[in-house]
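Trainee: First the structure, then my questions, so here it is.
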Amino acid sequence: MNNLAPKLTPDQYEKNFSEIHLAFTRNQAVAEANRCLYCYDSPCMKACPTHIDISTFIKKIATENLKGSAKTILESNWIALTCAKACPVEVLCEGACVYNERGEKPIEIGRLQRYAIDWYFKHGMPQLFTPAPKNGKSVGIIGAGPSGLACAAELALMGYDVTIYEGKKLAGGLDTWGIAPYKMSYEDSLKEVKLVENFGVKIKTGVWIGEDLSIQDLERRHDAIFIGVGLDTSPDLKIPGEDLKGMHDALEFIEKVTTRKWSSVDVGKRVAVIGAGNTAIDAATEAKRLGAEQVMIIYRRSESEMPAYHYEYELAKQDGIVFYFLTAPKKIIGSNGVVERMECIKMKLGTPDVKGRRVPEPIPSSEFHIPVDMIIKSIGQKPAEQFLSQISNLKTQNGKVVVDFETMQTSNPKYFAGGDCINGGKEVVNAAADGKRAAHGIDKFIFGK
């Protein structure tokens with residue numbers, strides 16, 4: 001019996017994965033920009049981790065100075081297109097907009113930022129910044145994700161020779177491989193990679209530090225090193241049946257979907273996603289859009305405690321995703337080595353833990369079975385402890401690299417770090433802010449400023 005969902009037509013795939021938020025037209029952008037009140041205290045700017053001068057870039061759109069608008073944005077954020085499309089603006093800049101207090105629709109800051117940055121890329125990335133003369137110093141960057149790219153761009157403009165080492169075949173990190181295509185395409189991420197390369201940054205893909213190039217060789221080549229490795233693979237569920245065929249990791253599944261080779265991605269008819277963060281929502285909605293008949297999200301806590309943003313939750317419900325709250329997987333059951341069903345148990349919330357979250361506890365004799373053809377695991381990612389342990393005198397805490405948050409310097413003074421490897425997994429915009437701050441920390445370290 002075939003337990004895979006039937007393939008869709010190319011037109012159906014394109015429709016299902018078309019962008020949710022369309023780009024502004026010229027008239028729409030100018031009209032929206034003219035709604036901005038140019039607040040004197042700019043609460044939106046304060047809410048943005050990269051502190052883009054939002055009121056100013058919007059005012060420049062209103063006067064149709066798109067080159068100036070793009071420059072204002074990029075002065076603060078080198079990953080501006082990804083952030084415009086994939087940032088949770090409803091809880092950051094747009095969430096801080098004063099129109100919310102008046103009960104009116106906030107300024108669509110994300111779409112306006114996209115309008116200006118789209119213009120910049122469509123017009124061939126006109127020169128906005130002039131790099132400083134070469135200072136004779138070299139910096140190596142481990143990982144070509146958003147923090148590494150942001151650090152590299154900032155350093156290159158300051159006169160450094162910068163080389164990024166990336167293990168995957170394409171740079172961009174999760175911006176390239178881990179964002180649902182209906183939010184942004186991997187080609188958008190590669191535009192930002194090209195922007196960084198235009199500043200003279202060398203990007204060496206297919207190079208794993210510690211394997212293809214030793215830590216010692218890296219240290220000999222560079223005056224300072226930035227760690228932007230993100231996180232490692234997901235931890236095991238530690239339940240029976242986890243090795244059956246039909247079990248998948250969420251990020252690996254999403255990575256297959258981002259290539260846009262829709263028909264090559266197999267998906268079950270009945271899919272269960274374990275976890276309820278934003279990545280879990282992406283995996284669930286992608287499975288549904290690939291043709292799965294039923295997709296379920298299994299989460300051991302309650303709806304009010306799910307990590308996913310409200311917008312993501314609403315998107316999943318609109319796609320027909322079924323949520324099993326206060327439910328935990330107990331056993332994966334199959335035959336002939338293939339997943340057939342999942343035994344779950346009902347949970348209740350007990351006393352709060354050290355972080356204040358009530359601990360889920362199983363309800364005795366509440367087991368039940370859910371028929372499934374495919375299970376996608378999305379319970380977070382482990383820190384890259386095995387890699388980090390190769391760097392001498394590098395202090396970590398709970399697997400995360402410890403840094404001075406003013407300079408992003410680690411306990412090994414030659415190393416700086418940013419992004420998910422220091423915070424356990426936040427937004428792209430946080431990684432972009434970390435990378436830029438680290439660049440200035442590196443400059444201070446090397447020249448004693």
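The values are calculated or read from the model by the stated rules, or taken from the named source; none is laboratory data. These figures come from a predicted structure and were not determined experimentally. Because the Cβ atoms are built from the backbone with ideal geometry, glycine has one as well, and the counts that use them run over all protein chains shown.
Trainee: May I ask you to list pairs of residues, at least six apart or on different chains, whose Cβ atoms are under 7 Å apart, with the first in the range 40-63 being closer than 13 Å to V89 by Cα and the second being charged (D, E, K, R) and in a loop (DSSP other than H, G, I, E, B)?
Mentor: M45/D53
Trainee: If you go through the range 235-255, how many residues are outside any loop (DSSP other than H, G, I, E, B) and not β-branched (V, I, T)?
Mentor: Summing the residues that are outside any loop (DSSP other than H, G, I, E, B) and not β-branched (V, I, T) in the range 235-255 gives 9.
Trainee: Do we have A433 as more than 30 Å from M306 (Cβ to Cβ), touching a residue at least 60 places away in the same chain (Cβ under 8 Å) and crowded, with 17+ Cβ neighbours inside 10 Å here?
Mentor: no
Trainee: Checking the condition touching a helix residue (DSSP H, G or I) at 6+ places or on another chain (Cβ under 7 Å) and within 14 Å of A224 (Cα to Cα), which residue from A152, A156, A180 passes?
Mentor: Unique residue meeting the criteria: A152.
Trainee: Limited to the range 264-275, what total is found for residues that are without any contact (Cβ under 8 Å) to a residue 60 or more places away in the chain and either in a helix (DSSP H, G or I) or buried (at least 24 other Cβ atoms within 10 Å of the Cβ) (or both)?
Mentor: Count: 1.
Trainee: Another question about this same structure. So which residues in the range 113-172 are in contact with a Ser or Thr (Cβ under 9 Å, 6 or more places away or on another chain), farther than 21 Å from A80 by Cα and of a type in the set (G, A, S)?
Mentor: Result: S138, G140, G167.
Trainee: Tell me the residue from G124, G68, G145 that is touching a helix residue (DSSP H, G or I) at 6+ places or on another chain (Cβ under 7 Å), closer than 28 Å to K169 by Cα and at pLDDT 95 or above, please.
Mentor: Criteria check complete, one pass: G145.
Trainee: In addition: Out of all the residues in the range 121-135, is one or more crowded, with 22+ Cβ neighbours inside 10 Å and part of a helix (DSSP H, G or I)?
Mentor: So far as the range 121-135 goes, no, none of its residues is crowded, with 22+ Cβ neighbours inside 10 Å and part of a helix (DSSP H, G or I).
Trainee: Pick from Y165, Y186: which is hydroxyl-bearing (S, T, Y) and over 24 Å from M408 (Cβ atoms)?
Mentor: Testing whether each residue is hydroxyl-bearing (S, T, Y) and over 24 Å from M408 (Cβ atoms) leaves just Y186.
Trainee: Would you point out which residue out of P371, P362, P329 is touching a residue at least 12 places away in the same chain (Cβ under 8 Å), over 30 Å from I227 (Cβ atoms) and in contact with a Cys (Cβ under 6 Å, 6 or more places away or on another chain)?
Mentor: P329
Trainee: Considering only the range 241-275, state which residues are within 19 Å of the chain's Cα centre (by Cα) and within 20 Å of D175 (Cα to Cα).
Mentor: Selection gives D249, A250, L251, E252, F253, I254, E255, K256, V257, T258, T259, R260.
Trainee: Mind checking which residues of the range 325-374 are in contact with a strand residue (DSSP E or B) (Cβ under 7 Å, 6 or more places away or on another chain) and aromatic (F, W, Y)?
Mentor: Result: F368, single match.
Trainee: Hey, another quick one. Tally the residues that are more than 24 Å from the chain's Cα centre (by Cα) and closer than 30 Å to R289 by Cβ, restricting the search to the range 15-47.
Mentor: 4
Trainee: Another question, if that's okay. Filter the range 333-360 down to residues that are at pLDDT below 90 and hydrophobic (A, V, I, L, M, F, W, C), then give me how many there are.
Mentor: 1
Trainee: Here's something else I'd like to know. For the range 394-448, which positions are among the basic types (K, R) and in contact with a helix residue (DSSP H, G or I) (Cβ under 6 Å, 6 or more places away or on another chain)?
Mentor: K400, K436 - these are the residues of the range 394-448 that are among the basic types (K, R) and in contact with a helix residue (DSSP H, G or I) (Cβ under 6 Å, 6 or more places away or on another chain).
Trainee: Another question about this same structure. Hey, among the residues in the range 136-167 that are in a strand (DSSP E or B) and aliphatic (A, V, I, L, M), which one's surrounded by the most Cβ atoms within 10 Å (Cβ to Cβ)?
Mentor: I141
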